[in-house]
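A short write-up of the structure that comes next.
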Amino acid sequence: MCGIVAAAARRDVVPTLIAGLKALEYRGYDSAGIALLTDNGLTRVRTKGKVRDLETLYATQPVHGHTGIAHTRWATHGAPVTMNAHPMASRDTVAVVHNGIIENHDELRSELRALGFVFTSETDTEVIAHLVEHHHSQGLSLLESVQRTIARLHGAYAIAVMSLREPGRVIGARRGSPMVVGLSDDEQFIASDIHALLPVTRRFIYLDEGDVAEVNIDQVRVFDAQGQQVERTVKQAHFSADAVERGEYRHYMLKEIHEQPQAIADTLEGRLSGGHILTEIFGVGARELLTRTRAVQIVACGSSYHAALIARYWIEAFAGLPCIVEIASEYRYRQSVVMPDSLLVTVSQSGETADTLAALKLAKTRGYLSELAICNVPESSIVRESKLSLMTRAGPEIGVASTKAFTTQLVALALLALELGRHHGLDNARYEALVKQLETLPGALRGVLTLDGAIKQMAQHFVSKQHALFLGRGTQFPIAMEGALKLKEISYIHAEAYPAGELKHGPLALVDEDMPVIAVAPNDHLLEKLKSNIEEVRARGAELYVLADEDVAHGMTRDRDHLITVPRCGELIAPIVFTVPLQLLAYHVAVLRGTDVDQPRNLAKSVTVE
């Protein structure tokens, strides 16, 4: 997930470009650069590293210009080195910055080499610069050249383009990656995120899928995917650039629960195209690596461990590969056996979890095929130590109890499981149907959040309880574990989770009228088995709370039971959908008990010590 900032103004735009990159740096990147149209031509300043490294370099060779584009990169095609840093240029005339992945770049590269273009990077982005220059040099305007170029691109992109032949003008285009236009009286802007532009404007146009925007100092024109000029609504931003304010919410945790539809949309943004996942989102060489993978080892802690347990079900079901999941603090202190061609996956919200980081460093000595980090902080130690990575894009999470960080981890792991499946024989029709489920997930979660009032009422029954038992089967067992963890973390009620089929092997001894039992009941192949386990609980007089898919909710409960009906959902996204009601239950119980929801006792957000 990279960052774009572009500007056309009557003043020097460098301060705005660098400030914009800093505003996007919470996403983290491995290189940064700016390109300017100056009196001496097209000038680029690029470097490996962070925005502060770009600032340092710029201080030694300052340049100024009224038109410029800037970028922070997270490598997909080509190593994170200066020659692969954006902006990319063609014949010192056209410069381009790009977020996303161009799937047909090899084909385009061959065509362009035949036309005499010389490539100086390993990136897919450079083909865009050369294609634009090819059309532009034939007499087409910059706008027309960009429109001709994007018609050839397969994949996802947000781009900003400028040319020496048309100073004072920037062209932006998007498909599958976000882009906004910032409006001002005598200067105009383009960015991949409004937070990059809040210091200079509060008026924005959010480009629609397929839109192309032509920006110059005095005006903005927008064209749709068919090339017709259109009017897009100008919206006023009324909020602060600070993404960590509670706003209207009483607690950060509640705010972060409600942010999940957008957070998951962000996780998916630019990673799906034409009904399939873009394999390169995992990093350079991912396609070959996933094809060679014959086993998967996942290490994680806490909620991330629960996410990993669900990924085990997915990977084995969709890809047919053995998957071992282990708590990092256990993995690092035992002698494990590494299966041939095993991919090591670490899952961590912060990327600084001490046990997970130590396990990763140890694993690198044990002969794994490669390492992949699933993480929310791109510049973190775990990401830097791993060859491949996939950012969850949850954004800042302040509440200690993980909510959106957990569900975005699940989405990232689902992307991994499906891509492993695609490279290991998963039926294409089933693959496409599962990808479609992911596309519907943000909407499904918005539906689940409408249950907040009913769950708040249910929470009143837990206020005086000291214990609770959570039950689930299949992929819902780790979700039951996560629900129990949330309740114990913030309400201080002792809560445990068990596979429902394990009840008769011990936990049933605890069940009586004082033990609330929460059962997670999606409409899946284990439903009838779960119903039998529910009867075992009911026969012991327990107060039963059932979260059930709306297609099977009827008949799931009796007179003394409590029911929350969850909107219907598919097999892949069901664990994520059923997570949210459990988060809300824990939250409302904690509020009613008067505990410190966001900062529960004895806990820290990031566990950076052993």
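Throughout, read-outs are computed from the coordinates displayed, never taken from laboratory work. Predicted model, so just to flag it, every value in this text is computed and none were measured. Glycine also receives a Cβ, built like all others from the backbone with ideal geometry; neighbour counts cover every protein chain displayed.
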*Putting +1 on Lys and Arg Cβ atoms and -1 on Asp and Glu Cβ atoms, find which of Ala114, Ala363, Leu487 reaches farthest to the positive end of the dipole of the chain.*
Ala363
*asked:* Counting other beta carbons within 10 Å of each residue's own, what order do Ile190, Ile518 fall into, fewest first?
replied: Ile518, Ile190
*Which FRET efficiency value, to the nearest 0.05, do you get for Arg568 and Ala454 by plugging their Cβ-Cβ distance into 1/(1 + (r/R0)^6) with R0 = 25 Å?*
0.90
*Take the alpha carbon gyration tensor of segment 252-449, find the square roots of its eigenvalues, order them as a ≥ b ≥ c, and report rounded if a/c is under 1.5; if not, report prolate when a/b exceeds b/c, else oblate.*
oblate
*Between segment 1-25 and segment 333-393, the alpha-carbon center distance in angstrom*: 33
*At what distance in nm do the modelled label points of Phe119 and Gln61 sit from each other, each positioned 7 Å from its Cα along Cα→Cβ?*
2.4
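Quick check on segment 452-593: what does the Kirkwood estimate of hydrodynamic radius come out to from the alpha carbon pairs, in Å? Numbers along the way, then the final one.
Working: mean 1/r = 0.0682 Å⁻¹.
Hydrodynamic radius (Kirkwood, Cα pairs) of segment 452-593 is 14.7 Å.
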*Taking the simple approach of a point 7 Å from Cα along Cα-to-Cβ for both His494 and Asp514, what is their distance in nm?*
1.1
*Can you list the residues, at least 5 places off or on another chain, whose amide H is less than 5 Å from the amide H of His251, using H built in the peptide plane?*
none
*In whole Hz, what ³J(HN,Hα) sequence does segment 143-158 give by Karplus (6.51, -1.76, 1.60; θ = phi - 60°), x for Gly and Pro?*
4, 4, 5, 5, 4, 5, 5, 5, 5, 9, 8, 10, x, 10, 7, 10
*Just for the chain, what percent of DSSP beta bridges are antiparallel, to the closest 5?*
60
*Which entries of Lys465/Lys504; Lys50/Lys235; Lys22/Lys48; Lys50/Lys255; Lys364/Lys486 show an alpha-carbon separation above 26 angstrom in the structure shown?*
Lys50/Lys235; Lys50/Lys255; Lys364/Lys486
_Arg560 versus Asp341: modelled label distance in nm, points set 7 Å from Cα along the beta carbon direction_ = 5.6
*Once amide H atoms are placed 1.01 Å from N in the peptide plane, what residues at a sequence separation of 5 or more from Ala497, or on another chain, have their amide H within under 5 Å of its amide H?*
Phe470
*Between Thr38 and Arg430, take the C-beta separation as r, use R0 = 60 Å, and let me know the FRET efficiency to the nearest 0.05.*
0.65
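Any chance you could run the full-extension gain for Gln229 through Ser532? It's 0.36 nm times the residue separation minus the Cα-Cα distance, nm to one decimal.
102.9 nm
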*For segment 452-593, calculate the relative contact order in percent as a whole number, restricting contacts to Cα pairs under 8 Å that are 6 or more residues apart.*
31
*Find how much the distance from His467 to Ser137 grows on full extension, using 0.36 nm per residue of separation minus their present alpha carbon separation; answer in nm with one decimal.*
111.5 nm
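Take the Cβ-Cβ distance between Leu362 and Arg165 as r, set R0 to 51 Å, and report the resulting FRET efficiency rounded to the nearest 0.05.
0.35
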*What list of ³J(HN,Hα) values in whole Hz, one per residue of segment 536-549 in order, does the Karplus curve 6.51 cos²θ - 1.76 cosθ + 1.60 (θ = phi - 60°) give from phi, with Gly and Pro shown as x?*
4, 5, 4, 5, 9, x, 5, 7, 9, 10, 10, 9, 10, 4
*Would you grab the residues whose amide H sits under 5 Å from the one on Ser370? Only those 5+ places off in sequence or on another chain, please, with H modelled 1.01 Å from N.*
Leu344
_Whole-Hz couplings from phi, Karplus 6.51/-1.76/1.60, listed for segment 275-286; x for Gly and Pro_ = x, 9, 8, 7, 4, 5, 4, 7, x, 5, x, 5
*Helix-derived mean residue ellipticity, 222 nm - over the chain, DSSP H n ≥ 4, -39500 (n - 2.57), to 500*: -10500 deg cm²/dmol
*Given 0.36 nm per residue, what is the gain on full extension from Leu592 to Asp551 after removing their alpha carbon distance, in nm?*
11.6 nm
